[in-house]
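**Student:** Structure incoming, see below.
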Amino acid sequence: MPFTSLHQTYNYGDAVGFFAITSKEGIPVKTVEDKAIKILKERHAVAPADDRAIGHFNLEEEFLKMSGLFLGINILVWIVGTGTLVAGIIGVSNIMLVVVRERTREIGIQRALGVTPRIIISQIITEAIVLTTFAGYFGLSMGVGLLELINYLLEKMGAKSEMFVHPGVDFGVAVTALTILIISGALAGMIPARRAVSIKPIDALRYE
């Protein structure tokens, strides 16, 4: 409602209990806040050192606090995600090393029949990519399913929260994560693939 209507309706007279100030783009709110408090102290004969005479609230400070909190959460998520990804790469690489060891004789026969190292490397890397893609897709599906379950339970229990409404996964983020997993699968297969082609065919055929 208009300011004059507010005063007449609630009989405030000339008293002003609260007003909001916004700053221009590029000017910190703290600067405007300090200037406004200084002017009010001068007009109402308040001692410059008295910080309790005029109440004030800086929304920018609270916003920066929340932004810092979410930035910290994002950094933590990236650290955990990167660590999980590295652990996954190591795990897939170890699995493919075992596969290569079990197929040493088979690889030796392929090499003896004239199969080029490039084809063997592509076979092993393809297996690693398929394994990583399947595991990544399964994990992504489980994560989305868990979020949907949480959302269903929140709606079922009638929980109301402005900070946690309709949790979900951004499609672009999901595709990016899956792409990174596929690339990681290819990298995880490089070491086993190089080990496979480094074995001489005659040694591979004698392998027990």
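**Student:** Give the residues of region 40-61 that are among the charged types (D, E, K, R) and assigned to a loop (DSSP other than H, G, I, E, B), sorted by residue number. Reasoning before the result, please.
**Tutor:** Filtering region 40-61 down to residues among the charged types (D, E, K, R) leaves 41-43, 50-52, 60-61.
Scanning region 40-61 gives Asp50, Asp51, Arg52.
**Student:** Within region 131-161, track down each residue that is closer than 27 Å to Thr179 by Cα and either outside any helix (DSSP H, G or I) or of a type in the set (Val, Ile, Thr) (or both).
**Tutor:** Let us first name the residues in region 131-161 that are closer than 27 Å to Thr179 by Cα, namely 131-151.
Once the filter is applied, which keeps residues that are closer than 27 Å to Thr179 by Cα and either outside any helix (DSSP H, G or I) or of a type in the set (Val, Ile, Thr) (or both), region 131-161 yields Thr132, Thr133, Val144, Ile150.
**Student:** For residues that are in a loop (DSSP other than H, G, I, E, B) and surrounded by 10 or more Cβ atoms within 10 Å (Cβ to Cβ), tally how many sit in region 23-39. Give the derivation first.
**Tutor:** Within region 23-39, the subset in a loop (DSSP other than H, G, I, E, B) is 23-28.
Still in the list and also surrounded by 10 or more Cβ atoms within 10 Å (Cβ to Cβ): 23, 27-28.
Qualifying residue count for the region: 3.
Conditions tested, residue by residue: (1) touching a residue at least 12 places away in the same chain (Cβ under 8 Å); (2) on the phi > 0 side of the Ramachandran plot; (3) not assigned by TED's automatic domain parsing to the domain that holds Lys200.
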| position | (1), (2), (3) |
| --- | --- |
| Gln8 | no, no, yes |
| Asn11 | no, yes, yes |
| Phe19 | no, no, yes |
| Pro28 | yes, no, yes |
| Leu64 | no, no, no |
| Phe70 | no, no, no |
| Leu76 | no, no, no |
| Thr84 | no, no, no |
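**Student:** Of all residues in region 107-118, how many are in a helix (DSSP H, G or I) and loosely packed, with under 13 Cβ neighbours inside 10 Å?
**Tutor:** Step one: of region 107-118, the residues in a helix (DSSP H, G or I) are 107-112, 117-118.
Still in the list and also loosely packed, with under 13 Cβ neighbours inside 10 Å: 112, 118.
So the answer is 2.
**Student:** Then there is this: Go through region 119-159 and report how many residues are surrounded by fewer than 17 Cβ atoms within 10 Å (Cβ to Cβ) and of a type in the set (Val, Ile, Thr).
**Tutor:** Selection size over region 119-159: 6.
**Student:** Does Val46 satisfy the criteria of being surrounded by 10 or more Cβ atoms within 10 Å (Cβ to Cβ) and touching a residue at least 12 places away in the same chain (Cβ under 8 Å)?
**Tutor:** Taking the combined requirement at face value, the residue does not satisfy it.
**Student:** Which residues, taken from region 153-171, are farther than 19 Å from Leu140 by Cβ and modelled with pLDDT of 70 or more?
**Tutor:** Leu153, Leu154, Glu155, Lys156, Met157, Gly158
**Student:** Assess whether Ile150 counts as being closer than 23 Å to Ser198 by Cα and within 25 Å of the chain's Cα centre (by Cα).
**Tutor:** Taking the combined requirement at face value, the residue does not satisfy it.
**Student:** In addition: Say whether the condition of being acidic (Asp, Glu), assigned by TED's automatic domain parsing to the domain that holds Val80 and more than 22 Å from the chain's Cα centre (by Cα) is met by at least one residue in region 168-189.
**Tutor:** For region 168-189, residues acidic (Asp, Glu), assigned by TED's automatic domain parsing to the domain that holds Val80 and more than 22 Å from the chain's Cα centre (by Cα): absent.
**Student:** Which residue out of Leu64, Leu76, Leu71 is under 24 Å from the mean Cα position of the chain (by Cα), surrounded by 12 or more Cβ atoms within 10 Å (Cβ to Cβ) and not in a loop (DSSP other than H, G, I, E, B)?
**Tutor:** Working: Leu76 fails: surrounded by 12 or more Cβ atoms within 10 Å (Cβ to Cβ); Leu71 fails: surrounded by 12 or more Cβ atoms within 10 Å (Cβ to Cβ).
The match here is Leu64.
The values are calculated or read from the model by the stated rules, or taken from the named source; none is laboratory data. The structure presented is a predicted model; accordingly, all values stated were derived computationally and were not measured. No Cβ is skipped: glycine too gets one built from the backbone with ideal geometry, and neighbour counts run over all protein chains shown.
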